[in-house]
Structures are given as structure tokens and as C-alpha cells.
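Here is the structure we will look at, set down as C-alpha cells.
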Amino acid sequence: MKIGVVTFPGTLDDRDAARAVRFAGGEAVELWHDDAELKGVDAVILPGGFSYGDYLRCGAISRFSPIMEPLIAAAQGGMPLLGICNGFQVLAEAHLIPGALTRNQHLHFLCTDQPIRIENNNTAWTKSFSKDQEIVIPLKNGEGSYQCDDETLKMLEGEGRIIARYVGENPNGSRNLIAGITNERGNIVGLMPHPEHAIDSLTGPSADGLGFFTSVLTSLVSGGVK
Amino acid sequence: MAIIVVDVMLKPEILDPQGKAVASALPRLGFSFATDVRQGKRFEITVDGEPTAAQLAEVEVAAEKLLSNPVIENFTVRVEK
């Protein structure tokens with residue numbers, strides 16, 4: 001199974017994301033922001049970093065990169081797509097998922113090992129977890145505060161589309177402790193903390209993050225998403 | 001040559017931690033006038049000659065598509081005299 005990892009100018013976590021894919025047993029395929037096609041990949045990860053220097057708004061310029069056009073079309077057709085941190089911001093700017101990520105409420109950049117609870121294990125990226133499983137993965141961001149209007153929040157809660165929530169104190173001011181959400185179909189997931197930095201205990205605080213990458217491989221083997 | 005100004009502000013219901021930080025810094029400097037501060041962005045777009053209605057309409061589209069995120073922000077477009 002081929003998992004594409006997109007590198008924008010300013011992306012930082014593409015190498016770790018590719019490593020996580022290989023660790024999980026998949027083949028990582030490098031995709032460049034300027035590519036016009038997806039090189040036959042089965043799923044795509046938009047990794048973290050500061051694409052285009054986070055100028056204008058985080059993800060606002062990357063969202064219009066050439067790679068995004070075929071990527072948006074494929075994801076709307078059901079291809080699994082995971083946006084981590086800056087990738088989550090790109091998904092929000094592309095309106096592939098509702099809401100927006102804004103400046104952390106306390107204005108500080110965060111870098112911490114964060115407990116989160118997986119509340120929806122029916123998406124392409126969370127199948128390997130058990131429902132309400134608590135995991136610890138790194139959280140590092142300046143603009144990770146998830147915001148949306150009341151109606152959207154009610155919809156996300158009602159439809160079980162909040163896939164992960166922060167456990168304990170709210171680290172960044174996100175509404176309802178939201179750490180990650182999914183689209184209606186469950187193939188697109190946006191996640192603020194970083195599973196790719198926690199795939200083995202040698203280099204991360206845990207191996208808990210690996211589940212996101214094994215999930216997508218399992219989903220693909222079992223014939224895609226729903 | 002004219003300048004088209006696009007002002008982008010967070011919607012009133014969206015928390016603005018930067019504005020809050022500014023609001024709490026003002027009294028520390030002895031300024032007591034502010035009950036609230038909201039911080040936004042201003043774009044100054046230079047065009048040749050007087051902007052046409054078509055250009056202004058295009059700027060509106062660009063403001064909605066790129067300069068602002070309509071999920072969390074509002075914008076206004078005007079021509080600077």
C-alpha cells in the first residue's frame with residue numbers, strides 16, 4: 001500500500017511521517033507541493049510544519065498548491081487523507097473539514113507530551129484503536145485552538161465526528177477539548193497532535209501514534225472506507 | 001494609481017487572544033481608555049488608475065477566497081482616497 005506524504009516549502013515533519021508509514025508496514029511515497037498528480041498513492045498524509053512560512057494564515061497559501069487540486073478531488077472521492085497539525089490547518093483552509101485553527105488561547109507555542117482520548121475508532125485513520133482508548137503523543141503548535149460556530153460544534157458532537165479529545169486541562173483553548181475531527185464519510189481526519197513522533201519508545205514518548213498508520217493500512221486492505 | 005484596502009477582522013464570536021493581550025498591556029502603560037481590543041489584518045492593494053467596478057468585484061472574490069477565511073473572519077473592501 002502506497003501512502004503519499006506531501007512536502008510543502010516549510011514542512012518539517014514529512015520525514016517522520018514517512019518513517020511512521022514504513023514502520024507500520026506501508027510504502028511511503030514522497031509528494032511535492034508542485035506535483036500535478038498523486039503518483040498512484042492509496043492515501044495521503046499532510047504533515048506538520050510551517051508551510052509557506054504560515055504567512056497570511058496557517059495553511060492558507062499551501063491550500064492552493066498544485067498538488068491540492070488532485071488531492072481534494074481524490075479525498076472527496078473517498079481516498080483516506082490525514083492532516084496533522086499544519087496539515088490539519090490546510091484541511092480546514094481547504095474546507096475539507098469544518099471549523100478553523102486559531103492562535104493558542106494563551107499565545108504561547110506548545111510542546112508537550114499530550115494525553116488524548118480516541119472517541120471515534122470508525123475512521124480510516126483510527127480503526128486500530130479501541131473506543132475511548134487514551135494515548136500519549138506529542139502536541140506542538142502555536143495555532144492549535146480549534147474554533148467553529150455553535151451549530152457546527154453541535155453537528156460534530158451529534159454525529160460523533162470528534163475523533164480525539166484532549167484529556168485533562170485544555171492545552172490551547174480548543175472548543176470542547178477537540179484534538180481531531182473527521183469528515184462525514186470518515187476518510188478525512190484532521191489531528192492537531194503528532195502521532196508520527198510517537199511510533200516507538202526510542203524516539204517518542206510512546207508507540208501510541210503508530211495506530212493511526214496501521215489503521216489506514218487495515219482500512220485499505222479491507223477495501224477502503226465505508 | 002489607487003490603493004484598494006481590504007480589512008480583515010475575526011468574527012465577533014471568535015476569541016481573539018492577541019487582541020486580549022494588547023488590551024491587558026494598555027493599562028500597564030497607563031492607558032485606561034480601552035474596554036476591549038480586537039486585532040485584525042489590513043491589505044493595501046495597488047492598482048493602475050482608478051479601480052473599476054469589475055476590479056473591485058474581483059477583489060471581493062479574492063478577499064473571500066484567499067485574504068480571509070470566512071469560517072472565522074469578516075472583511076471589508078474600500079478604495080483609499
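Just so it is clear, none of the values below were taken in a lab; they were calculated from the coordinates. Note that the coordinates shown come from a computational prediction; the quantities given were computed from them, not determined experimentally. FYI the Cβ positions are ideal-geometry reconstructions off the backbone, even for glycines, and counts take in every protein chain you see.
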Check your understanding: Under the rule of -39500 (n - 2.57) per DSSP H run of 4 or more residues, summed and divided by the residues of the protein assembly as shown, what mean residue ellipticity at 222 nm is obtained, to the nearest 500 deg cm²/dmol?
Key -> -7000 deg cm²/dmol
Review point. Under a plain spin-label model, where a point goes 7 Å from the Cα along Cα-to-Cβ, how far apart in nm are A:Met155 and A:Val221?
Key: 3.5
Revision key, fill the gap. Between the modelled labels at B:Glu50 and B:Ala2 (7 Å from Cα along Cα→Cβ) the distance in nm is 0.7
Check your understanding: What are the extents of the Cα atoms of chain B along their three principal axes, listed from largest to smallest and rounded to whole Å?
Key -> 46, 28, 14
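Per-residue mean of other chain beta-carbon atoms within 10 angstrom of the beta-carbon, peptide B:64-74?
Numbers: counts 0, 3, 7, 3, 3, 12, 2, 10, 9, 3, 0.
Per-residue shielding by partner chains comes out at 5.
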Check your understanding: Do any GluC sites (Glu not before Pro) in segment A:111-195 lie in a loop, going by DSSP, with at most 14 other beta-carbon atoms within 10 Å of their beta carbon, and if so which?
Key -> A:Glu159, A:Glu169, A:Glu184
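Give me the mean projected area, in nm² to one decimal, of the convex hull enclosing the Cα positions of segment A:36-99.
Values: hull surface 16.0 nm².
In nm², the orientation-averaged hull projection of segment A:36-99 is 4.0.
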Point to revise | Extended-chain gain in nm, criterion 0.36 nm per residue less alpha-carbon gap, B:Val79 and B:Lys41 | key: 12.1 nm
Review point. Cα centroids of segment A:49-68 and segment A:20-47: how far apart, whole angstrom?
Key: 18
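Could you sort the peptides A:81-91, A:6-16 by per-residue average Cβ neighbour count (10 Å cutoff), highest mean leading? Numbers along the way, then the final one.
Working: A:81-91: 29.6, A:6-16: 21.0.
Going by the mean number of other Cβ atoms within 10 Å, highest first, we get A:81-91, A:6-16.
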Point to revise | Debye intensity ratio in log₁₀ form over the Cα atoms of segment A:20-65, taken at each q of 0.22 Å⁻¹ | key: -0.88
Exercise for review: Give the span of chain A's Cα atoms along each principal axis, as three whole-Å numbers ordered largest to smallest.
Suggested key: 41, 38, 36
Review point. If segment A:1-120 were replaced by its equivalent ellipsoid, with semi-axes equal to the square roots of 5 times the Cα gyration tensor eigenvalues, what would those be, largest first, whole Å?
Key: 22, 18, 14
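Need one number: % antiparallel among DSSP beta bridges in the protein assembly as shown, to the nearest 5. Please report the intermediate quantities before stating the final value.
Values: 38 of 54 bridges.
Around 70 percent of the beta bridges assigned by DSSP in the protein assembly as shown are antiparallel ones.
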